[in-house]
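Quick notes on the structure that follows.
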Amino acid sequence: MCMQQETQVGAKHREQAAHKAYKEKHGSFPDLAVGLEGGLEWSQTIQDENGDDTLWCMAWMAVYGKRTCLLVDLMASTDSKYYTADKKPIFGLAKTATFLLPSSLAKLVEDGMELGHADDKVFGRVNSKQGSGTVGVLTNGLIDRSAYYEHALVLALVPWVRPDVYSPNDAPSFLSGLMKCYLN
């Protein structure tokens, strides 16, 4: 499995854990469960000045739940012409923007260091992954971790925003088998 797929699966697992934790605590299923997983991916296509692969930062957002009347009333576009409530939960999945990491960070990650620790070492910070994250320091605060994830969340919610054009069968194929796990 490539790093990007691991990150997708990680987001799905986090969403599953949130779904399960809510069910255990409240005795009912949540309207929506959300999972986020940050990740890295190497590119052979875009190489650095030495001809080495480059390392890119990204994250995946997974959303799972039914399109209930309440959720659709709250989220659906006014362009949605019709809506039929789902009998089964559906998935939404989206990826954040992807950005190139500097070679100083890439080298530390390649040597086995976790990105947050590499960030702390290179930029002289402490626990940066709980703050603005790597995206924050590299953009000089123009985009912090929260802002970085917002677009992916909105895009993962598109099946709820436009229920008239997204059927439950539009779930990404790698997730289709997982829906069966929730229904059993």
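The values are calculated or read from the model by the stated rules, or taken from the named source; none is laboratory data. Just so it is clear, the structure is predicted and the values come from calculations on it, not from any experiment. When we count neighbours, we look across all protein chains shown, and the Cβ atoms used for this are built from the backbone with ideal geometry, even at glycine. All accessible areas refer to the heavy atoms of the entire protein, side chains included, with ligands and DNA or RNA removed. Shrake-Rupley method; radii C 1.70, N 1.55, O 1.52, S 1.80 Å.
Side notes on the structure shown:
- Among the GluC sites (Glu not before Pro) in the range 7-52, those placed in a DSSP loop whose Cβ has at most 13 other Cβ atoms within 10 Å are GLU49.
- From phi via Karplus (6.51, -1.76, 1.60), per-residue ³J(HN,Hα) for the range 122-130 in Hz, x at Gly/Pro: 5, 9, x, 10, 10, 6, 4, 5, 8
- Folded to 0 to 90 degrees: helix 173-183 orientation relative to the chain principal axis, Cα: 50 degrees
- Rounded to the nearest 20 debye, dipole of the chain from Cβ charges on Lys, Arg, Asp, Glu: 960 debye
- Cleavage-rule hits, trypsin sites (Lys or Arg not before Pro), the range 1-94, DSSP coil, Cβ neighbours within 10 Å at most 16: LYS81, LYS87
- Accessible area ranking (1.4 Å probe, heavy atoms, ligands and nucleic acids excluded), largest first, for ILE90, ILE46: ILE46, ILE90.
- DSSP-loop chymotrypsin sites (Phe, Trp or Tyr not before Pro) across the range 31-86, with at most 10 other Cβ within 10 angstrom: TYR82
- Protection proxy ranking of 128-138, 110-120 - average other beta-carbon atoms within 10 Å, highest first: 128-138, 110-120
- Counting lysine pairs in the range 38-170 that sit 8 or more residues apart in sequence, or on different chains, and whose Cα atoms lie under 15 Å apart gives 4.
- For the chain, the fraction of 1.4 Å probe accessible surface lying on carbon and sulfur atoms is 54 percent.
- Evaluating 6.51 cos²θ - 1.76 cosθ + 1.60 at θ = phi - 60° for every residue in the range 39-55, the Karplus couplings come out as x, 10, 9, 7, 10, 8, 6, 10, 10, 7, 5, 8, x, 8, 4, 9, 10 Hz, glycine and proline recorded as x.
- For the chain, the longest principal axis of the C-alpha atoms and the axis of helix 145-156 are separated by about 40°.
- Cα-based helix-to-principal-axis angle, 3-26 vs the chain, degrees rounded to 10: 50 degrees
- Mean residue ellipticity (222 nm) of the chain, computed from DSSP H runs ≥ 4 via -39,500 (n - 2.57), nearest 500: -13000 deg cm²/dmol
- Label corresponding to volume of the Cα convex hull per residue in Å³ when calculated from the structure given, among (1) 200; (2) 155; (3) 121: (2)
- Relative contact order of the chain, taken over Cα pairs closer than 8 Å and 6 or more residues apart, is 20 percent.
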